[in-house]
Amino acid sequence: MTTPLISLQNVTRTFEVGRQSIRAVDDVSLDIAPGEVVCLVGESGCGKTTTGKMVAGLLAVSQGRILYRGQDIKSLKGDAYRRFRLGVQLIHQDPYASLNSTRTVGQILRAPLERHGFARGPAARARAIELLELVNLTPAADLIEKYPHQLSGGQRQRVSIARALTVNPSFIIADEAVASVDMSIRIALLNTLSALKDKMGLGVLFITHDLALAKYFAWEGRIGVMYLGRMVELAPARALVEHPRHPYTRALLSAIPEPELEGVQRRERIRLRSDEIPSLLRMPGGCAFHPRCPAFEGERCSAQSPALVEVGGGVSVACHPVIEQLRQQAQAEARS
Amino acid sequence: MPSHPTLSVRNLAIEYQTRRGWVKAAQAVNFDLLPGEALALIGESGSGKTTVGTSLIRLLPGNATISAGEIVYRRPVADGSATEIDVRALDAEGLRRFRWKEAAMVFQGSMNAFNPVLRISDQFNDTSRAHGGPRGRELVERGKSLLELVRLDPRRVWEAYPHELSGGMRQRVLIALALLLEPQLLILDEPTTALDVLTQRSVIDVLRDLRKALNFSMIFISHDLALAAELVDRMATFYAGTIVEIGNTRTLFNRPHHPYTRGLLRSLPTLDSDRAEVASIPGSPPDLINLPKGCAFHARCQAAQAICSQDMPPPEEVAARHIVRCHFWRDVAGAARAEATR
């Protein structure tokens, strides 16, 4: 088996809030292979952004470890650390905030090229133009002289992508990278990212709250659903949307507004036992979803936190009743 | 008996003065809203949907002017006729009476809409006093029953401060507050944008129940087509400040007649869509200061021909209450039909 590009092993991150401490990310494990796409999906406060920041090395883990090409990123020093920081790049949500407004596009792209010794002078300019063409920003020779405020939101986000590519990364973390862009151009931006991934063999961690978008982008990859800091389901993208296992995933899917299209069956609506999202400061015991869960089964759910268990077909799920049911099914099949 | 539209907008044009020049945020906007009907204004940022929505109760920012057109609001009276209010002509006192009692608006970002140091009960009180609503016990009763209608527990919410409520709860309080003076028209601007999926769902359900219970007319401003489709009877697609297509929700989704409506629908991945069906619209929206000649969409349009860059297409009624601005709507509708039956 090849070494995963990125490996999260029982990663937990706590934050101190006054005298209390909250677990923003709780015991998350995930391997991402070179060239693989994984989408992290969940509502605000589920820990998806914190996870992304830890993988980028911007936040330290509290417990557990994150491996980059098999090495704990905490132990990396000198050149190895530099290779990690260059190898893993982050594309932020808001290109209005993440691009320096007093620098031209050319300056924005040339700075990392020169700083990290990839190209210098005219070669750096040529590489900047090449990168702009790679992210479909044309005519690149004109755009290179422009300032961020002269570009549209979609163009700006393309500059962010080009900037991330200046240092030849092997892994990209895109945190709600298309959320600020209008819908008619969102897909074009995603397609650019997808094409780059295929061309350059990039691994991608795509963080979004939109399951339909996650399915579109991941397609051959996987989707992980997070709830209050824990990974509750991890599965191949289409399997997760078409055959969700975890009650939370099912509730999320059934809550997404869908137009009434001719010939398309509407999803059955799943009612939760409570609409209130528990505060991270007062986390329910056992499975964090149990106060709202329609499949709640009493003491086991409220006392014991379910582990993420592989149930076949690359699907992992953390839910006592679902795992129990699948086990009984397997037993019944084995008997007959 | 033919019912009078609650709202009629005719040839509305709105401009913003900026350093670069006059931004034509809305032009030649026409629509009618019938009593009890819900209409969505759909479009991307800068399409003019919020500008038109806020102009209906004259809440435009200071650098904006309504440069042409009419906004007529009608309140039915006992004999079957209606009292007309010319919204453009209202003076300050007239506006104060008109807002909230006749037409109320709910904005996005519910945190900013409340005074943070006042309890919810005081917010209701203030509103009622400012716009001539009920007082004392009557106010408390009406306020609490509205909170119940939006599925909140009045015992918990009535005496609470805004910060003690979650985002979804605050948004529902705001909807209840908007309905305090029994307006005939409720305008909602992206009311669920800042909310999570499950919270958004509960707000949608509340709005749908409210419409059934109280039968007001509604204008729903949103960039989210699927969300709007769940709530409204009719949809208006905005592009570069004008309505390019308006019609029944089901028709617009299943048989769009304007290439932009069609493009928007195709650019929206759904849970069921196949990857190959999704496609974005090439290019980006035009500069509203220097609008292109002809149809504003022609540079991005795959159905465009020579005439499109010359003449602005007139609105054509292609079916009852289904109006499209496109020279080639017949071809677009045909292609959409072929696709649907494929």
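The values are calculated or read from the model by the stated rules, or taken from the named source; none is laboratory data. Given the structure is predicted, the values throughout are model-derived calculations rather than measurements. Cβ coordinates were reconstructed from backbone atoms using ideal geometry, including for glycine residues, and neighbour counts include every protein chain displayed. Heads up: the accessible areas ignore ligands, DNA and RNA and are worked out on the full protein's heavy atoms, side chains in. Shrake-Rupley method; radii C 1.70, N 1.55, O 1.52, S 1.80 Å.
Here's the yes/no breakdown for (1) among the charged types (D, E, K, R); (2) in contact with a His (Cβ under 6 Å, 6 or more places away or on another chain); (3) free of Cβ contacts under 8 Å to residues at least 40 places away in the same chain:
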| position | (1), (2), (3) |
| --- | --- |
| A:Val25 | no, no, no |
| A:Leu30 | no, no, no |
| A:Lys48 | yes, no, no |
| A:Asp79 | yes, no, yes |
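I'm checking my understanding of the structure. Among residues of the stretch A:145-191 that are of a type in the set (Lys, Arg) and more than 11 Å from chain B (Cβ to nearest Cβ), which one is surrounded by the fewest Cβ atoms within 10 Å (Cβ to Cβ)?
Across the stretch A:145-191, the extreme among qualifying residues is A:Lys146.
Taking into account only those residues within the stretch B:9-27 that are among the basic types (Lys, Arg) and out of contact with any Asp or Glu (no Cβ under 8 Å at 6 or more places or on another chain), which is surrounded by the most Cβ atoms within 10 Å (Cβ to Cβ)?
So, considering only residues that are among the basic types (Lys, Arg) and out of contact with any Asp or Glu (no Cβ under 8 Å at 6 or more places or on another chain), the one surrounded by the most Cβ atoms within 10 Å (Cβ to Cβ) is B:Arg20.
For the stretch B:253-292, enumerate the residues that are of a type in the set (S, T, N, Q) and within 12 Å of another protein chain (Cβ to nearest Cβ).
Across the stretch B:253-292, the qualifying residues are B:Asn254, B:Thr261, B:Ser267, B:Thr270, B:Ser273, B:Ser280, B:Ser284.
Tell me which helices (runs of 4 or more DSSP H) are completely within the stretch B:89-191 and hold 2 or more residues being open to solvent by less than 70 Å² (accessible area, probe 1.4 Å) and modelled with pLDDT under 90, or say none if there are none.
Answer list for the stretch B:89-191: B:110-113, B:167-178.
Return the pairs, sorted by first residue and then second, in which the second residue is hydroxyl-bearing (Ser, Thr, Tyr), the first residue lies in the stretch A:197-219 and is buried (at least 18 other Cβ atoms within 10 Å of the Cβ), the beta carbons are less than 7 Å apart, and the residues are 6+ apart or on different chains.
Close Cβ pairs satisfying both conditions: A:Leu202/A:Ser170; A:Gly203/A:Ser170; A:Ile207/A:Thr49; A:Ala212/B:Thr270; A:Ala214/A:Thr208; A:Phe217/A:Ser194.
If I filter the stretch B:230-273 down to residues being among the aliphatic types (A, V, I, L, M) and free of Cβ contacts under 8 Å to residues at least 40 places away in the same chain, which single residue comes out as nearest to B:Asn290 (Cα to Cα)?
Per the stated criteria, the residue is B:Leu252.
What is the one condition in (1) open to solvent by less than 50 Å² (accessible area, probe 1.4 Å); (2) within 14 Å of chain A (Cβ to nearest Cβ) that B:Cys295 does not satisfy?
Failed condition: (2).
Among what's in the stretch A:66-82 and is open to solvent by 50 Å² or more (accessible area, probe 1.4 Å) and not in a strand (DSSP E or B), pick the residue that is nearest to A:Ser7 (Cα to Cα).
This residue is A:Arg69.
Which residues, taken from the stretch A:262-319, are more than 18 Å from A:Arg230 (Cα to Cα) and among the β-branched types (Val, Ile, Thr)?
Selection gives A:Val264, A:Ile270.
In the stretch A:197-219, what residues are out of contact with any helix residue (DSSP H, G or I) (no Cβ under 7 Å at 6 or more places or on another chain) and over 19 Å from B:Thr270 (Cβ atoms)?
A:Lys197, A:Asp198, A:Lys199, A:Met200, A:Gly201, A:Gly203
Just to check your reading of the model, which residue among A:Ser305, A:Ser274 is under 30 Å from B:Glu164 (Cβ atoms), surrounded by fewer than 14 Cβ atoms within 10 Å (Cβ to Cβ) and among the polar types (S, T, N, Q)?
Criteria check complete, one pass: A:Ser274.
Could you check the stretch A:99-115 and list, in sequence order, the residues that are surrounded by fewer than 17 Cβ atoms within 10 Å (Cβ to Cβ), in contact with a helix residue (DSSP H, G or I) (Cβ under 7 Å, 6 or more places away or on another chain) and modelled with pLDDT of 95 or more?
Answer for the stretch A:99-115, where residues must be surrounded by fewer than 17 Cβ atoms within 10 Å (Cβ to Cβ), in contact with a helix residue (DSSP H, G or I) (Cβ under 7 Å, 6 or more places away or on another chain) and modelled with pLDDT of 95 or more: just A:Glu114.
Considering only residues that are closer than 27 Å to B:Thr51 by Cα and in contact with a Leu (Cβ under 9 Å, 6 or more places away or on another chain), which ones fall in the stretch B:109-123?
Result: B:Ser110, B:Ala113, B:Phe114, B:Gln123.
Go through the stretch B:28-84 and give me each residue that's touching an Asp or Glu at 6+ places or on another chain (Cβ under 7 Å), open to solvent by less than 40 Å² (accessible area, probe 1.4 Å) and not in a strand (DSSP E or B).
B:Glu37, B:Glu44, B:Gly53
Could you identify the single residue in A:Gly298, A:Gly312, A:Gly286 that is small (Gly, Ala, Ser) and open to solvent by 30 Å² or more (accessible area, probe 1.4 Å)?
The match here is A:Gly312.
Checking B:Cys301 against (1) open to solvent by less than 60 Å² (accessible area, probe 1.4 Å); (2) modelled with pLDDT under 90: exactly one of these is not met. Which one?
(2)
Only residues that are among the hydrophobic types (A, V, I, L, M, F, W, C) and in contact with a Gly (Cβ under 8 Å, 6 or more places away or on another chain): list them for the stretch B:11-27, please.
Passing the criteria: B:Leu12, B:Ala13, B:Ile14, B:Ala25, B:Ala26.
Examine the stretch A:51-65 for a residue that is surrounded by fewer than 16 Cβ atoms within 10 Å (Cβ to Cβ), farther than 18 Å from A:Met231 by Cα and not charged (D, E, K, R), and state whether such a residue exists.
Within the stretch A:51-65 (the criterion being surrounded by fewer than 16 Cβ atoms within 10 Å (Cβ to Cβ), farther than 18 Å from A:Met231 by Cα and not charged (D, E, K, R)), the answer is yes, since at least one residue qualifies.
Among A:Val232, A:Val225, A:Val204, which is the only one that is more than 14 Å from the chain's Cα centre (by Cα) and away from chain B (no Cβ under 11 Å)?
A:Val232
Of the conditions (1) assigned to a strand (DSSP E or B); (2) of a type in the set (Lys, Arg); (3) under 19 Å from A:Val167 (Cα atoms), A:Arg85 fails just one. Which one is it?
If we test A:Arg85 against (1) assigned to a strand (DSSP E or B); (2) of a type in the set (Lys, Arg); (3) under 19 Å from A:Val167 (Cα atoms), just (1) comes out false.
Of B:Leu207, B:Leu195, B:Leu227, which residue is of a type outside the set (Ser, Thr, Tyr) and assigned to a loop (DSSP other than H, G, I, E, B)?
B:Leu195
Any chance the stretch A:57-67 includes a residue that's under 26 Å from A:Val135 (Cβ atoms) and more than 14 Å from chain B (Cβ to nearest Cβ)?
yes
Scan the stretch B:212-243 for residues that are surrounded by fewer than 19 Cβ atoms within 10 Å (Cβ to Cβ) and more than 14 Å from chain A (Cβ to nearest Cβ) and jot them down.
Answer for the stretch B:212-243, where residues must be surrounded by fewer than 19 Cβ atoms within 10 Å (Cβ to Cβ) and more than 14 Å from chain A (Cβ to nearest Cβ): B:Lys212, B:Ala213, B:Leu214, B:Asn215.
Could you look through the stretch A:24-50, keep only residues that are closer than 22 Å to A:Gly314 by Cα and part of a loop (DSSP other than H, G, I, E, B), and pick out the one that is most open to solvent (accessible area, probe 1.4 Å)?
This residue is A:Pro34.
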